[in-house]
């Protein structure tokens with residue numbers, strides 16, 4: 001592993017568990033453990049899995065005018081977010097492209113932000129530029145972030161922190177876990193019930209070991225990718241980038257009703273036009289025939305003509321079949337459309353299908 005890579009607070013635990021480490025967003029991260037990606041994937045769908053996502057960017061945003069300032073870059077209704085609730089949101093540029101997707105939580109007197117690892121420096125700089133004098137953004141580099149996901153996650157965490165039992169999807173609380181102050185959100189990125197737990201770096205390994213002892217299985221980036229793809233969830237840098245609009249990505253639902261009246265956020269002109277006239281391409285689910293996955297970059301054809309590209313593809317253990325998503329022209333975006341994938345010169349029949357591939361099982 002390159003010496004320049006950063007480590008998370010769980011680096012020693014990953015080594016003790018026999019993780020295979022890979023570079024990811026500037027960090028040494030576990031891609032899988034000895035039992036393998038499929039076993040980790042199934043553990044999350046059937047029981048519980050524990051992911052180290054401490055590479056993500058965490059920050060507090062507070063002070064007069066902070067939420068309104070964030071709304072200049074973000075079309076979500078941040079001002080209307082109730083205390084104790086969290087929301088999935090997008091940061092847009094002036095052209096209506098997605099600079100990042102993030103989670104925003106209202107902790108009462110402050111907002112708690114979680115952004116993608118590869119984008120955190122850019123995100124924090126962009127937010128800082130729009131803040132008024134009375135507001136401030138405080139990154140939290142000394143905190144870890146754990147994701148406990150799966151149908152047993154609620155039972156496992158309630159055994160440590162009983163106050164989490166009453167939480168529902170997208171609730172967020174501040175609590176104490178094994179003596180450490182923590183921010184706990186009932187959310188995740190697998191399509192399963194679960195929690196994301198922010199806590200001081202030094203408290204991460206003891207808590208992780210306790211969660212594993214209670215029945216969670218350690219899982220790495222490989223299972224996280226197959227889980228989120230089956231759940232139809234985007235990965236920034238693959239399915240989203242600074243040229244992709246919320247409408248193209250099928251994420252127009254993140255634009256608050258109030259925001260669609262004023263249209264006062266970055267890139268609003270493009271978003272408004274695409275909502276009215278339709279985008280030039282749309283994100284869709286695609287199911288190839290056979291057993292071979294269609295990886296990112298695979299061309300999509302309809303009647304022999306190029307109509308799009310796969311942006312994410314893998315073998316879905318829960319589907320027992322390959323699945324993919326990508327962007328296609330509007331004429332190929334209707335559910336059930338027959339398309340052909342060009343897998344290194346070999347044509348493979350496929351069909352456009354609704355997302356997600358696996359229904360979400362969050363606790364509402």
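Values in this text are rule-based calculations from the coordinates and carry no lab data. Only a predicted model underlies this, so the values are computations on that prediction, with no experimental measurement involved. Here Cβ is always computed from backbone atoms with ideal geometry, including for glycine, and neighbour counts include all displayed protein chains.
If N is the number of residues in region 19-177, what value comes out of its Cα radius of gyration divided by 2.2 N^0.38 Å?
Normalised Rg, Cα atoms only: 1.14.
Please report 234, 323, 44 as a ranked list, fewest other C-beta atoms within 10 angstrom at the top and most at the bottom.
Least to most surrounded, the residues fall as 234, 323, 44.
For the chain, modelled as a Gaussian network with Cα springs under 10 Å, which listed residue fluctuates most, 158, 185, 43?
Looking only at 158, 185, 43, the largest GNM fluctuation is found for 158.
Could you list 281, 155 in order of exposure, starting from the residue whose Cβ has the fewest other Cβ atoms within 10 Å?
The order, fewest Cβ neighbours first, is 155, 281.
Round to the nearest 0.05 the FRET efficiency obtained for residue 138 and residue 109 when R0 = 22 Å and r is the Cβ-Cβ distance.
The formula returns an efficiency of 0.95 here.
I'd like the FRET efficiency for residue 331 and residue 243, computed as 1/(1 + (r/R0)^6) with the beta carbon distance as r and R0 of 30 Å, rounded to 0.05.
For residue 331 and residue 243, the calculated efficiency is 0.90.
Within a 10 angstrom radius of the beta carbon, how do 342, 52 rank from fewest other beta carbons to most?
342, 52
Is the C-alpha gyration tensor of region 198-350 telling us rounded, prolate or oblate? Criteria: a/c under 1.5 is rounded; beyond that, a/b larger than b/c is prolate, otherwise oblate.
oblate
Return, ordered by residue number, the residues of region 215-233 whose backbone nitrogen is under 18 Å from a label point located 7 Å along Cα→Cβ of residue 165.
The answer is 215, whose backbone nitrogens lie closer than 18 Å to the label point.
Please give the peptides 350-361, 324-335 ranked by average Cβ packing (other Cβ atoms within 10 Å per residue), highest first, as a rough proxy for protection.
Answer by packing, highest mean first, reads 324-335, 350-361.
Take the alpha carbon gyration tensor of region 281-357, find the square roots of its eigenvalues, order them as a ≥ b ≥ c, and report rounded if a/c is under 1.5; if not, report prolate when a/b exceeds b/c, else oblate.
Here region 281-357 falls in the oblate category.
Over region 56-130, what lengths in whole Å, largest first, do the semi-axes of the equivalent ellipsoid take, defined as the square roots of 5 times the eigenvalues of the alpha-carbon gyration tensor?
Those come to 18, 13, 12 Å.
Subtracting the Cα-Cα distance from 0.36 nm times the residue separation, let me have the gained length for residue 20 to residue 155 in nm, one decimal.
45.7 nm
Can you list, largest first and rounded to whole Å, the semi-axes you get for the chain by taking the square root of 5 times each eigenvalue of its Cα gyration tensor?
Result for the chain: semi-axes of 32, 28, 18 Å.
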